[in-house]
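Reviewing the structure listed below.
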Amino acid sequence: MLSTKRKYPVGIQSFESIRMDGYVYVDKTPLIYKMITEGKPYFLSRPRRFGKSLLVSTLAAVFEGRRELFEAFTTEDGIEQPQLYIATTNWRWEKFPVLRFDFSANNLTSIEKMDEYVDKTLADYEKQYGLSAGNASTSPRMVDIVRTAHEQTGRKVVVLCDEYDNMMLHSIGDPETQTIVRDRFQDLFAPLKGLDDHLQFVFITGISKFSQMGIFSKLNNLENISMQPIYESICGISEEELTTVLRPDIELMAASRGKTYDETLAALKRMYDGYHFSEGMTDMYNPFSMVNALKSGKIDKYWFDSATPSALIAMLREMPPLEISDVDGALCESGDFNKAFDSYQAPLPVLYQSGYLTIKSYDEEDDLYTLGFPNEEVRKGFAGSLYSYVTNSMGDDRERSALMKAYKAFRRTDDLPAFIDAIKTFFAGVPYHWEKDNKNEHYYHALLYTLLMAFGADVRAEEPGAKGRSDITLLMPKGIYVMELKYDDTVEAALDQIDRKGYVGKYLLDGRPVIKVGIAFSSAERNIIDWKAVPADI
């Protein structure tokens with residue numbers, strides 16, 4: 001076990017800084033070596049803060065011939081850095097001319113700022129290679145830089161672009177801006193296809209697949225490795241990496257929390273694991289959250305708040321906002337991932353690409369993907385953002401506080417009546433225009449499910465039973481509540497359906513009491529008018 005914490009690179013995306021300053025680095029060079037020796041033009045899609053920028057920085061160091069960063073050495077502070085895989089290969093460590101474009105900066109939020117960045121970046125390379133931009137547009141400038149760099153150095157050019165679609169994400173819901181951004185990127189990158197003889201390697205990262213955006217229709221020779229099983233772990237932390245490279249860090253964290261290694265690993269898994277980027281289903285942990293948790297010693301929400309732009313939250317609220325139970329467990333065909341990124345009518349692609357949903361299973365025979373929330377951090381954060389939107393519309397802090405207080409009391413004491421009363425009070429304050437557009441059982445089902453998720457409850461929607469799917473199953477410390485909701489119908493009808501469909505059967509051997517709960521909503525009252533809880537027969 002480590003006696004002191006190692007250094008964890010929170011917010012550090014420079015490979016050189018991580019190695020030279022003694023930070024922990026999970027070696028991704030086996031996959032990097034495979035990629036740079038087996039192909040040339042690549043595209044990789046991963047969520048924000050998932051290690052794409054560090055990957056680009058590492059690639060730059062490789063192509064700049066900086067072998068010393070990959071060998072074993074001791075830092076000035078006496079920290080021993082291990083040798084990385086690529087240093088043991090036959091890679092020649094030649095110095096290639098590298099052109100880097102980084103659109104990940106948060107200040108690139110307008111067309112003007114993006115244009116300034118592109119112009120300055122091109123101007124810097126023109127100065128480096130003795131070129132004059134004159135009045136040339138972006139495309140001919142890019143062509144001149146690549147050709148001249150090749151001619152002057154005698155080596156082909158490497159082009160690296162990070163987070164190309166950052167502006168697209170920040171302009172969701174603004175089609176005019178998105179069209180301009182698409183045109184700008186076509187001007188910048190379309191010439192690359194015709195420069196193949198001058199290029200050693202091309203690597204572009206983003207959140208959305210290039211095929212979705214229409215930006216790279218002219219750069220159609222890129223190999224999209226985003227959903228290739230072999231490259232599933234090229235960003236993020238795999239289960240194997242966590243339990244080998246980072247095991248000493250988890251042991252230290254466990255000791256500081258008064259927990260065992262297994263208990264701490266299980267807690268980290270619940271909170272940060274669960275990402276799958278192909279049908280290979282390799283378990284991947286969120287690297288941003290993991291590094292923050294190891295540094296702070298606290299298992300908390302780190303990624304959701306920092307990686308969720310306001311434009312995306314605005315989009316989620318337009319979906320319509322309360323259909324979480326439809327999102328978690330949704331089925332998608334391969335073609336669904338190619339729908340427009342900013343489509344309010346097709347939220348699944350943007351939710352998957354942004355990291356709020358992940359692949360839960362794949363049916364090869366029918367080519368169907370089941371999507372769902374990857375872990376508790378995302379699940380709670382997603383529900384919390386929608387819950388905040390709903391309750392802020394009510395504008396009554398007392399009702400919000402009362403609802404949360406009632407849930408916490410329910411969790412401690414199983415005081416279901418008080419919790420139902422608090423829900424009724426909350427429903428009474430929901431804006432009428434929401435309810436009048438959603439007059440059905442599903443509206444109340446989705447709203448209740450969202451509330452429970454936001455509270456951090458272990459809640460399941462549409463859980464399959466013997467002969468059907470229950471509306472909501474709530475797993476509490478002292479009991480399991482199988483709930484059926486009826487709209488303009490009776491509690492007895494709800495309880496009868498639970499019995500007829502065999503919803504409780506799968507929980508009877510759990511050890512906790514199982515309670516059947518029938519809830520009746522009234523369209524006239526716009527609220528719960530009756531409910532009944534009955535212990536299930538064992």
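The values are calculated or read from the model by the stated rules, or taken from the named source; none is laboratory data. Remember, it's a predicted structure, so these values are computed and weren't measured experimentally. We place every Cβ from the backbone using ideal geometry, glycine too, and count neighbours over all the protein chains shown. Areas reflect the complete protein model, heavy atoms only, side chains present, ligands, DNA and RNA absent. Shrake-Rupley method; radii C 1.70, N 1.55, O 1.52, S 1.80 Å.
Expressed as a whole percentage, what fraction of the accessible surface of the chain belongs to carbon and sulfur atoms when a 1.4 Å probe is rolled over the protein heavy atoms?
Result for the chain: 46 percent of the exposed heavy-atom area is carbon or sulfur.
On the full set of protein chains, 1.4 Å probe, figure out the accessible area of residue 301 and give it in Å² to the nearest 10.
Here the residue's solvent-accessible area equals roughly 80 Å².
Assuming R0 = 60 Å, can you tell me the calculated FRET efficiency for the pair residue 105 and residue 537, based on Cβ-Cβ distance, to the nearest 0.05?
0.45
Taking amide H atoms as placed 1.01 Å from N in the peptide plane, list the residues 5 or more away in sequence, or in a different chain, whose amide H sits under 5 Å from that of residue 284.
HN-HN under 5 Å from residue 284: 274, 275.
Using alpha carbons only, how many angstrom separate the centre of region 231-284 from the centre of region 1-31?
Going from one Cα centre to the other spans 16 Å.
Can you give me the long-range amide H partners of residue 515? Hydrogens built in the peptide plane at 1.01 Å from N, cutoff under 5 Å, separation of 5 or more residues or another chain.
The list, which skips near neighbours in sequence, is 480, 481, 482, 536.
Under a Cβ-only charge scheme (Lys and Arg +1, Asp and Glu -1), can you give me the dipole magnitude of the chain about the Cα centre, in debye to the nearest 20?
1040
Through the Karplus equation 6.51 cos²θ - 1.76 cosθ + 1.60, θ set to phi - 60°, convert the phi angles of region 59-66 into ³J(HN,Hα) values in whole Hz; use x for Gly and Pro.
4, 4, 5, 5, 6, 7, x, 8
Put a dot 7 Å past each Cα toward the Cβ at residue 305 and residue 413; how far apart are the dots in nm?
3.1
What pairs from 269/295; 295/360; 5/52; 467/506; 380/486; 113/301 go past 23 Å between their alpha carbons?
295/360; 5/52; 380/486; 113/301
Got a sec to turn the phi values of region 188-199 into Karplus ³J(HN,Hα) couplings, 6.51 cos²θ - 1.76 cosθ + 1.60 with θ = phi - 60°, whole Hz, x for Gly and Pro?
Once rounded to whole Hz, the list reads 6, 10, 4, x, 4, 4, x, 10, 4, 5, 9, 10.
When Cα extents along the principal axes in Å is calculated directly from the model, which label among (i) 128, 64, 37; (ii) 82, 56, 48; (iii) 84, 71, 52 fits?
Recomputing Cα extents along the principal axes in Å here picks out (ii).
How much length would be gained if the chain were fully extended between residue 469 and residue 334, taking 0.36 nm per residue of separation minus their Cα-Cα distance, in nm to one decimal?
The residue 469-residue 334 span can extend by a further 46.0 nm.
If you rank 177, 358 by how much accessible surface each has, with a 1.4 Å probe, what is the order from largest down?
Reading off the accessible areas and sorting them downward yields 177, 358.
Sequence gap at least 6, Cα distance under 8 Å: using those rules, report the relative contact order of region 1-136 to the nearest whole percent.
21
Quote to one decimal, in nm, the extra length available between residue 524 and residue 260 on full extension: 0.36 nm per residue of separation minus the C-alpha distance between them.
That works out to 89.7 nm of additional length.
Would you mind checking region 280-294 for residues with the amide N under 14 Å from a putative spin-label position 7 Å along Cα→C-beta of residue 269?
What the label zone holds, given the 14 Å backbone N cut-off, is 283-285.
Test of understanding: what is the full-extension gain from residue 492 to residue 121, defined as 0.36 nm times their sequence separation minus their Cα-Cα distance?
Additional length available on full extension: 126.6 nm.
Under 5 Å between amide H atoms, partner at least 5 residues away or on a different chain: which partners does residue 224 have, H built in plane at 1.01 Å?
The list, which skips near neighbours in sequence, is 43.
Excluding ligands, DNA and RNA, what is the solvent-accessible area per residue of the chain at a probe of 1.4 Å, expressed in Å²?
Here the per-residue accessible area is 42 Å².
With each label point set 7 Å from Cα along the Cα-Cβ vector, what nm distance links residue 73 and residue 404?
4.9
Which sequence of 91, 303 reflects their accessible areas, 1.4 Å probe, from the largest down?
Solvent-accessible surface, decreasing: 91, 303.
How many nm separate the modelled label positions at residue 425 and residue 21, each set 7 Å beyond the Cα in the direction of the Cβ?
4.9
Just to check I understand the Karplus step: with θ = phi - 60° and J = 6.51 cos²θ - 1.76 cosθ + 1.60, what whole-Hz values come out for region 488-496, glycine and proline as x?
With coefficients 6.51, -1.76 and 1.60, one gets 6, 9, 9, 4, 4, 5, 5, 5, 5 Hz.
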